[in-house]
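This report refers to the structure that appears directly beneath it.
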Amino acid sequence: MAHAVEKHPVTGIPANPEKATLEGKNKYVAFWFFLGGETVLFASLFGTYVGLLNSGAPEELRSYNIFEMELVFIMTMLLLTSSLTSVLAMMNMKANNPGRMKLWLIVTLLLGAGFLGAEIYEFIHYYHIGHTFTSSAFGSAFYTLVGFHGAHVTFGLLWITTLLIRNWNRPIDVYNAPKFYVSSLYWHFIDVVWVFIFSIVYLLGMVN
Amino acid sequence: MAQTTAMQQSRKYNGIMDWITTVDHKKIGILYLFSGIFFLLLGGIEALLIRWQLVKPMNDFVSGETFNQLITMHGTTMIFLAAMPMLFGFMNAVVPLQIGARDVAFPFINSLGFWLFFFGGVMLNLSWFFGAAPNAGWTAYAPLSTQPEATGVDFYALGLQISGFGSLMAGINFLVTILNMRAPGMKLMRMPLFTWTTFVASALIVFAFPPLTVGLFMLMFERLFGAAYFDPALGGNVVIWEHLFWIFGHPEVYILILPAFGIFSEIIPTFARKRLFGYTTMVFATMLIGFLGFMVWVHHMFTVGLGPVANSIFAVATMAIAVPTGVKIFNWLFTLWGGQIKFNVAMLYSVAFIPSFLVGGMTGVMLSVAPADYQYHDSYFVVAHFHYVIVGGVVYGLFAGLYYWFPLMFGKALSEKLGYWQFWLFFIGFHLTFFPQHFLGLFGMPRRVFTYLDGQGWDTLNMLSTIGAFFMGVSTIVLLVAVVKAFLSKDRVKPDHWGDGRTLEWTLPVPTPEYNFAQTPLVKGLDTFWLEKMAGNKRVSVAEEVSDIHMPNNSLIPFFMSLGLFIAGLGAIFQMDNTVVGWSLIGFGLAMTFVSMFLRSWIDDHGYYIPKSQVEADLKAIREKGEQ
Amino acid sequence: MNESHKQLELEVKAESKREYQLQLISFAMMILLTFVAFGAVYAELMPVWAAGGFLIILAVIQVFLQLYIFMHMNNRGNTWIVGMMWLGIFVAIITVAALRLLIW
Amino acid sequence: MKSFKKLLFGIVPMMMFAVLLSGCGQEGLSALKPMGEGAELQLRIILISLAIMLFVLIIVSVIYVYVLMKFRRKDESIPKQVEGSSTLEMIWTVVPIILLIILAVPTITTTVELAKAKEAKKEEEINVTANLYWWEFEYPEAGVVTGQELVIPVGKRVGINLTSKDVIHSFWVPALSGKTDTNPGLDNEMWLHANEPGTYYGKCAELCGPSHALMDFKVIALEQEEYDQWLADMKAKQDENGEKLVADNTNLTTGEQVYVESCLSCHGGGKVAPSLTNFGDREWLAGYLENNEDNLKEWIRDPQEKKQGALMPGFNEGQISNEELDALVDFLYEQKID
Ligand code: HEA
Ligand code: HEA
Ligand code: CUA
Ligand SMILES: [Cu+2]
């Protein structure tokens, strides 16, 4: 849009740079709608999981015998904290502090990578004790749900990394702010899903 | 982004490259429309083969296996590759114009959505050439669909997955377009009904496709990688697929019918020269149908054994949908009431729709009576029901829309004379085909049977049904002739071809310039063009001065992104037979897609500007021709 | 001019501080909820029948903190966003309920 | 637009005529000629809903025809632009709601009535297992297994358990009752009731593969005494066959020998392939063919030719010579219980 957008006198960029332009606003709204769809996507996966909980698995491979609380707790803390750091990054973006925004995004990435590493470790561990994708309907449903989440994390990491590199030497403006903002929404959504995963899959699964 | 970049050069191509790279919603609309018509012909040929096999008892025209492939491909093609794309075609071509916009919210994603649909459709139909079309019905119930030898289902799972992503993108795109891109004064309650129904149908897409996506992933993982969601031997449960499919499947039928309702709601007021009766209730009825549509899917599963409580609840919920739909029917009737009805072909289809769809809706309510459905279910009664609503509703709507908007989209009109022939052949054929099927079902004929013994009282009715189908076949050929004739003819139409146009799209010159509106219109009420005409104005008021117009660039990326997924999909299918080839294709295809995505986010694309001088020149030329 | 600019700067700072505190508080609450959830399971404080409801309630509270505070879902002009998210949540609930209750 | 009306009113009578030609369908097969309580309940509610639909249809049609005749374009005048009418809109919201409530009540009561399988099972219980293109019927109390023909006593509700061995099928006897799916790995139940003795046609109603269309079966209803007799005879014959063929395999006729060598392993218990205990009594072969020697021989030589995708292997002349086949066929037709 050719119209100049009003800049905030203090920060030097518009107050909400992520939706200051029509393009930005479109992106912002569209991404929320996409998350609405993702909600249903994960609901379908959760539904399948609860429908098949422990189904077809021998006693020693049932949820309450394989899940380990320590690892899940660490993963939860990593992801929750990364959600906060991503908020901090966005606050710095709105305040037009590109340096600190980048810093917090890097911290977010590191936390996310840590989470992913732990998840991979966890899967390898299960694989060795015989709880695999094809060992039972329970196994299939478990890996599909948690794996879809893991794939989202991976995609989020790649996405934010690309944005960081691409915009490393650029100022924050109404062209790249929506991109950062939307990727951070995505990151929060990953955390939302994880909250349900650790509550329903892991904690509930551990209650015998 | 005036402040970030200087004005950029426009990136343009010619000929076929223009079609592959276009991001213009009007051209994408045409692409959707013609791909849809192509698949309609394919699905129609499959329908004719089905009917030919059933013309007499114990016919051996095709084998049971081939027959199952035919019905599966017929149902899948018609729903996903013919009806939906043709509707998307009209949405693309018309909705931005109806709301006074220069384009959709995401032109790039619009193109991506089309190519995903296209490659998904090609993938599905490639199965014929690999000797194995999917054969488990369009519903693909597990474990029939997970039998290892049913290799066609691989094409089903991957083809629908790819085209499903396209639908999801189209859905979000239309939602945002309609919310954010409206011209000044175009309040929500001034939007034409086609825009409204597009909006609601798009919302349904956003929530209905994810369960299908998950279901298809599970089907694919089970077939290709040995997962066990539906395998009782490993603790799987076959009912899960049915739920996921129908949680998607029922809203899907409203995704089809709501835009068709929208088309009729445009045509009926136009040719009755009367404002739509009960506009506000029409809007709320649309939303209510969409909302209730998510709470009734179990009516497809009454016989699965979910128990009397679930069956009763969902039976009553299903019946409730008759109320908002009835509101619509009566509103249409009362729009006609007191009008000045002109019967051209578009109007004939709209008027014929009312009783045809009514019959389909009534049998729908009869089906919703759970204990009665124990008799109807999976019998020809159901086949009769859904063809009455789909053909008598959606296909009539598509034909009506085609005659109505053809002049706008192509600058030429379809022959009314051929149109009458086409209409009557189709109308007669349609009732002749599907009316007898109600009785076949009640007489005990199951659906999806490739043949039947004689002496069961089904022979005459089947014969009638087949004859009817061929009437529809001839009618379709007439339609093709009409289309070709229109393209060959030199007569160009004027703007507001029908003379009675009420909405903004009819204010535009034909052919419509790529930026649609030289000056964004100022909307003064519902049916704003009509209001201006009644006030004696030749043109609608404008909301801005002529100025530079920002346009998006063409792009090859959507094509390659979709092609990559297509190749990866083929790889996933082939890795069953040949691991090396399969996985290399998967790798190559996904790489192509991800590199394309990466390029998209790496390369800044700020579009370009059409200079004010050119817009002014265009305007002048048009006005000199005395057209606007 | 300079004076008013300073004034504005202060306002912005105060506003950003408020926002910052809000986010931190919400984060602290999330951590707290997480601890409660893990702790309850770890210490086997709940009877099995109550565990599901309890854990889900904690999760729902936490998710609303995410949506409404971290993600600012409730911002001005977000009516349609909120509406669509709630619709999504509604469809999500019936989907999970169906796959939990309507299979056997 | 006169042709429009003419055609509209031309097609309908034509179709009515076609339907009249075929009456209400075939006796013993049509849902419109119910022969048992289930189908009667269902027909009753079908007719209730049909009546409501006809009522709506008539109202809409009257308005429709009137509007189309009255308001054709006569001149170029602009009609009055009406926004709507809350009274009218109220009417066509409330009236359908009332009609639907009238429909919902019997819907729920009938659903509940049809779900009373547990009670029926206390009296009589039969297990139905669907297999790729054939039906297995087990009488758990009597210990009898049979296939393709389900024999039930008349005059009472018979409780049925349903499941499947492979894919989903659906058990449908239109003249007696609506269908219930047979899901692999899951159990379902329903009840079946026949008013009078006779043969009723059964269909598989869920797409299950290339021979889905041919997966027919029959329900034979007998008077209670005859039924008891039949069950006892079946039991005796089944025991006798089992004992004779397994225990004493030296002294067999050619037919018996071929049967033991080639057929018994699958057909023996009636669980892998249909039991042949009363094969000689059956009117149909493979559920849908006339049960005669020619068909039987062709079937044994090449079952897939008659039922694409059937799991039974074919036997060529190398495996069963022509003479042996004759003997086998004779033996099979001797398998009768009355
Ligand atoms: C465009 C597509 C479309 C539409 C609009 C509908 C509309 C409806 N459908 Fe249909 N349906 C299908 C497409 C559609 N359907 C398909 C494809 C299948 C089969 C899928 C498969 O198995 O392959 C199917 C199957 C199907 C079944 C499952 C049958 C079975 O497999 O056993 C049921 C059961 O309840 C049903 C019900 C309804 C109802 C109640 C409506 C209602 O929305 C209809 C409402 C309309 C009216 C009622 C008419 C107007 C109303 C009035 C004039 C008011 C007064 C009326 C009354 C008081 C009655 N449909
Ligand atoms: C949008 C959806 C749609 C549409 C438009 C149609 C249209 C038609 N359908 Fe469709 N049908 C379905 C959706 C649809 N169907 C679905 C979902 C199923 C269930 C599948 C399943 O069980 O899984 C089904 C099943 C189905 C069956 C039941 C099969 C069975 O259960 O065994 C039958 C049988 O009569 C049938 C017939 C027809 C006919 C005659 C048409 C006609 O209206 C078609 C008219 C069109 C033509 C006749 C085109 C003619 C083309 C030409 C003349 C070619 C000219 C060519 C060139 C010049 C290149 N359909
Ligand atoms: Cu068994 Cu169809
Ligand atoms: Cu439905």
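What the table below lists for this structure:
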read-out: Loop-resident sites, region B:175-219, for trypsin sites (Lys or Arg not before Pro), counting at most 14 other Cβ within 10 Å (DSSP); value: B:LYS187
read-out: Sites D:ARG73 and D:LEU47, calculated FRET efficiency, Cβ-Cβ separation with R0 51 Å, nearest 0.05; value: 0.75
read-out: Average accessible surface area per residue within region D:118-223, 1.4 Å rolling probe, Å²; value: 25
read-out: C-alpha long axis of helix B:84-98 to longest principal axis of chain B, angle in °; value: 20
read-out: Exercise: per-residue mean of other protein chain Cβ atoms within 10 Å, D:106-118; value: 5
read-out: Portion, in percent, of the accessible area of the protein assembly as shown that falls on carbon or sulfur, probe 1.4 Å; value: 65
read-out: Accessible surface buried once A binds C (1.4 Å probe; total of both sides; Å²); value: 4100
read-out: Chain pair B, A: total accessible area buried, heavy atoms, 1.4 Å probe, Å²; value: 3400
read-out: Accessible solvent surface per residue of region D:230-334, calculated while the other protein chains remain in place, 1.4 angstrom probe, Å²; value: 51
read-out: Local electrostatic count, B:ILE30, Cβ distance below 14 Å [Lys/Arg +1, Asp/Glu -1]; value: 0
read-out: Length released on extending from D:LYS122 to D:SER321, taking residue separation times 0.36 nm less the Cα-Cα span; value: 66.7 nm
read-out: Leading residue at positive end of dipole, chain B (Cβ point charges), from B:MET366, B:PRO269, B:ALA82; value: B:PRO269
read-out: Average partner coverage of A:183-193, which counts Cβ from other chains inside 10 Å; value: 3
read-out: Between D and B, accessible area buried - total, square angstrom, nearest 100, 1.4 angstrom probe; value: 8400
read-out: For D:THR182, distant residues with modelled amide H under 5 Å away; value: D:HIS169, D:SER170, D:PHE171
read-out: Computed label-point distance, nm, for sites A:ALA15 and D:ALA142 using a 7 Å Cα→Cβ extension; value: 8.5
read-out: Estimated FRET transfer efficiency when R0 is 51 angstrom, pair D:ASN195-D:VAL65 (beta carbons, to 0.05); value: 0.75
read-out: Separation between Cα centres of region B:45-84 and region C:77-101, rounded to whole Å; value: 37
read-out: Under 17 Å from the A:THR162 label point (7 Å along Cα→beta-carbon), backbone N, region B:555-583; value: B:555-566
read-out: Virtual paramagnetic centre 7 Å along Cα→Cβ of C:ILE31, amide N under 14 Å, in region A:70-91; value: A:74, A:76-85
read-out: Sequence-separation-based contact order of chain D, relative, with Cα cut under 8 Å and 6+ spacing, percent; value: 16
read-out: For region C:2-72: accessible area per residue (Å², 1.4 Å); value: 61
read-out: Dipole magnitude (debye, nearest 20) for region D:293-338, charges at Cβ of Lys, Arg, Asp, Glu; value: 320
read-out: With DNA, RNA and ligands ignored, accessible area of A:TYR121 (1.4 Å probe; Å², nearest 10); value: 140
read-out: Order by protection proxy (mean Cβ within 10 Å, highest first), peptides C:3-12, A:102-111, B:611-620; value: A:102-111, B:611-620, C:3-12
read-out: Surface accessible to a 1.4 Å probe, B:LYS533 within the full protein complex, Å²; value: 50
read-out: Within region B:411-425, backbone nitrogen closer than 11 Å to the virtual label 7 Å beyond the Cα of B:VAL481 toward Cβ; value: B:418-419, B:421-422
read-out: Rounded to the nearest 20 debye, dipole of region A:1-95 from Cβ charges on Lys, Arg, Asp, Glu; value: 560
read-out: Accessible-area ranking of B:ASP496, D:ASP228, D:ASP281, D:ASP181, largest first, probe 1.4 Å; value: D:ASP228, D:ASP281, B:ASP496, D:ASP181
read-out: Cα→Cβ-extended label distance, 7 Å offset, between D:ILE102 and A:ASN208, nm; value: 6.1
read-out: Cα centroid separation - region B:439-467 against region B:214-251, whole Å; value: 32
read-out: Shielded residues, region B:451-487 - accessible-area loss of 50 Å² or more between chain alone and all protein chains, probe 1.4 Å; value: B:LEU453, B:GLN456
read-out: A:TYR64-A:ALA118 FRET efficiency (beta carbon distance; Förster radius 25 Å; 0.05 resolution); value: 0.75
read-out: Summed residue charge, Cβ within 13 Å of D:ILE46's Cβ, Lys/Arg positive, Asp/Glu negative; value: 0
read-out: Within-11-Å neighbourhood charge of A:LEU53 [Cβ basis; K, R +1; D, E -1]; value: +2
read-out: Other protein chain Cβ atoms within 10 Å, averaged over every residue that makes up D:228-234; value: 0
read-out: Cα centre as origin, Lys/Arg/Asp/Glu Cβ charges: region C:2-72 dipole, Debye; value: 60
read-out: Relative counts (whole %) of C-alpha pair distances in region B:244-293, using bins that are 5 Å wide; value: 5, 19, 24, 20, 14, 9, 5, 2, 1
read-out: Tilt relative to chain C, helix C:48-65 - C-alpha long axis, 0 to 90 degrees, to 10; value: 20
read-out: Degrees separating the helix B:193-225 axis from the principal Cα axis of chain B, which is the longest one; value: 40
read-out: In nm, spacing of pseudo-spin labels at D:CYS266 and C:GLN7 (7 Å Cα→C-beta vector); value: 9.5
read-out: For region B:232-246, residues shielded by at least 30 square angstrom of accessible area compared with the chain on its own, probe 1.4 Å; value: B:PRO232, B:LEU234, B:GLY235, B:ASN237, B:VAL238, B:VAL239, B:ILE240, B:HIS243, B:LEU244
read-out: For peptides B:148-159, A:67-78, sequence by mean Cβ density within 10 Å, most packed first; value: B:148-159, A:67-78
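The values are calculated or read from the model by the stated rules, or taken from the named source; none is laboratory data. This one's a predicted model, so the numbers in the text were calculated from it and none came from an experiment. Methodologically, a virtual Cβ is constructed for each residue, glycine included, from the backbone with ideal geometry; neighbour enumeration extends over all protein chains shown. Areas reflect the complete protein model, heavy atoms only, side chains present, ligands, DNA and RNA absent. Shrake-Rupley method; radii C 1.70, N 1.55, O 1.52, S 1.80 Å.
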